[in-house]
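Enquirer: What follows is a structure written as structure tokens; I'll ask about it next.
The values are calculated or read from the model by the stated rules, or taken from the named source; none is laboratory data. Predicted model, so just to flag it, every value in this text is computed and none were measured. Methodologically, a virtual Cβ is constructed for each residue, glycine included, from the backbone with ideal geometry; neighbour enumeration extends over all protein chains shown. Note: areas computed on protein heavy atoms with side chains; ligands, DNA, RNA excluded. Shrake-Rupley method; radii C 1.70, N 1.55, O 1.52, S 1.80 Å.
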Amino acid sequence: MIIDVFSRKIVGAEVYDNESDIAMAHLVRRVITHLKGVKPKVFHSDNGTPMKGRTLLDFLYSLQIVKTYSRPRVKNDNAQIESLFRTLKYFPSYPYQGFGSIDEEKDWSWSL
């Protein structure tokens with residue numbers, strides 16, 4: 001999920017069956033296309049492996065987007081997105097037993 005930190009709007013989201021830098025680069029490309037070429041100056045993320053992958057880093061570098069990361073072992077460094085995820089998990093229709101499949105999750109998230 002990608003949010004605009006200033007407006008707090010979700011500008012892009014996708015669900016994959018596994019994490020990868022390739023998938024994240026695809027999502028960033030899709031968001032920039034959807035925003036008609038408007039691109040961020042800075043892309044901030046956690047320290048996850050997909051966010052440090054070569055494909056994503058090369059893509060951001062080619063667009064002259066600066067990449068920043070959360071501080072190690074600091075849970076509240078991405079407060080906006082963490083707050084959003086917590087809100088979703090406490091949403092009345094959230095399945096507390098989990099989703100049966102990736103398609104169920106996609107259907108649920110896009111129905112909001």
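Enquirer: In segment 87-112, what residues are basic (Lys, Arg) and surrounded by 10 or more Cβ atoms within 10 Å (Cβ to Cβ)? Walk me through how you get there before you give the answer.
Expert: In the first step, residues of segment 87-112 are kept if they are basic (Lys, Arg); the result is 89, 106.
Once the filter is applied, which keeps residues that are basic (Lys, Arg) and surrounded by 10 or more Cβ atoms within 10 Å (Cβ to Cβ), segment 87-112 yields only LYS106.
Enquirer: Taking only pairs six or more apart or across chains, which ones have beta-carbon atoms under 6 Å, a first residue in segment 25-38 that is closer than 16 Å to THR55 by Cα, and a second residue that is at pLDDT below 90 and open to solvent by less than 50 Å² (accessible area, probe 1.4 Å)?
Expert: Listed by first residue and then by second, the contacts come to LEU27/GLY12.
Enquirer: Restricting the search to segment 42-84, which residues are under 18 Å from LEU27 (Cα atoms) and in contact (Cβ under 8 Å) with a residue 60 or more places away in the chain?
Expert: Of everything in segment 42-84, just one residue is under 18 Å from LEU27 (Cα atoms) and in contact (Cβ under 8 Å) with a residue 60 or more places away in the chain, namely ILE81.
Enquirer: Additional query: Among the residues of segment 103-112, which ones are within 29 Å of SER7 (Cβ to Cβ) and either at pLDDT 85 or above or out of contact with any helix residue (DSSP H, G or I) (no Cβ under 9 Å at 6 or more places or on another chain) (or both)?
Expert: Pass one, segment 103-112, residues within 29 Å of SER7 (Cβ to Cβ): 105-112.
If the condition is that a residue be within 29 Å of SER7 (Cβ to Cβ) and either at pLDDT 85 or above or out of contact with any helix residue (DSSP H, G or I) (no Cβ under 9 Å at 6 or more places or on another chain) (or both), then GLU105, LYS106, ASP107, TRP108, TRP110, SER111 are the ones that fit.
Enquirer: If I filter segment 19-39 down to residues being in contact with a helix residue (DSSP H, G or I) (Cβ under 9 Å, 6 or more places away or on another chain) and in a loop (DSSP other than H, G, I, E, B), which single residue comes out as nearest to LEU84 (Cα to Cα)?
Expert: GLU19
Enquirer: What tally of residues in segment 40-74 results from selecting those that are in a helix (DSSP H, G or I) and either under 16 Å from ASN18 (Cα atoms) or within 14 Å of the chain's Cα centre (by Cα) (or both)? It would help to see each step written out before you state the result.
Expert: Step one: list which residues in segment 40-74 are in a helix (DSSP H, G or I), which gives 49-52, 54-62.
Still in the running and either under 16 Å from ASN18 (Cα atoms) or within 14 Å of the chain's Cα centre (by Cα) (or both): 49-52, 55-56.
Summing the residues that are in a helix (DSSP H, G or I) and either under 16 Å from ASN18 (Cα atoms) or within 14 Å of the chain's Cα centre (by Cα) (or both) in segment 40-74 gives 6.
Enquirer: From the list ARG73, ARG8, ARG86, exactly one residue is at negative phi and modelled with pLDDT under 90. Which is it? Full working, then the answer.
Expert: On the way: ARG73 fails: at negative phi; ARG8 fails: at negative phi.
It is ARG86.
Enquirer: Name, by its number, the condition in (1) closer than 22 Å to ASN18 by Cβ; (2) touching a Lys or Arg at 6+ places or on another chain (Cβ under 7 Å); (3) among the β-branched types (Val, Ile, Thr) that does not hold for ILE102.
Expert: Tallying (1) closer than 22 Å to ASN18 by Cβ; (2) touching a Lys or Arg at 6+ places or on another chain (Cβ under 7 Å); (3) among the β-branched types (Val, Ile, Thr), ILE102 fails exactly one: (2).
Enquirer: State all residues of segment 68-86 that are hydrophobic (A, V, I, L, M, F, W, C) and surrounded by fewer than 13 Cβ atoms within 10 Å (Cβ to Cβ); if no residue qualifies, say none. Before you say what the answer is, go through the steps one by one.
Expert: Restricting attention to segment 68-86, the residues satisfying the condition of being hydrophobic (A, V, I, L, M, F, W, C) are 74, 79, 81, 84-85.
Of everything in segment 68-86, those that are hydrophobic (A, V, I, L, M, F, W, C) and surrounded by fewer than 13 Cβ atoms within 10 Å (Cβ to Cβ) turn out to be VAL74, ALA79, PHE85.
Enquirer: Name the residues in segment 40-62 that are surrounded by fewer than 13 Cβ atoms within 10 Å (Cβ to Cβ) and in contact with a strand residue (DSSP E or B) (Cβ under 9 Å, 6 or more places away or on another chain), would you?
Expert: LYS41, VAL42, TYR61
Enquirer: Within segment 2-10, identify whether any single residue is free of Cβ contacts under 8 Å to residues at least 40 places away in the same chain, buried (at least 16 other Cβ atoms within 10 Å of the Cβ) and either touching a Phe, Trp or Tyr at 6+ places or on another chain (Cβ under 7 Å) or assigned to a loop (DSSP other than H, G, I, E, B) (or both), and answer yes or no.
Expert: Taking segment 2-10 as the starting set, the residues that turn out to be free of Cβ contacts under 8 Å to residues at least 40 places away in the same chain are 2, 4, 6-7, 9.
From what's left, buried (at least 16 other Cβ atoms within 10 Å of the Cβ): 2.
If we keep only those that are either touching a Phe, Trp or Tyr at 6+ places or on another chain (Cβ under 7 Å) or assigned to a loop (DSSP other than H, G, I, E, B) (or both) as well, we get none.
There is no residue in segment 2-10 that is free of Cβ contacts under 8 Å to residues at least 40 places away in the same chain, buried (at least 16 other Cβ atoms within 10 Å of the Cβ) and either touching a Phe, Trp or Tyr at 6+ places or on another chain (Cβ under 7 Å) or assigned to a loop (DSSP other than H, G, I, E, B) (or both).
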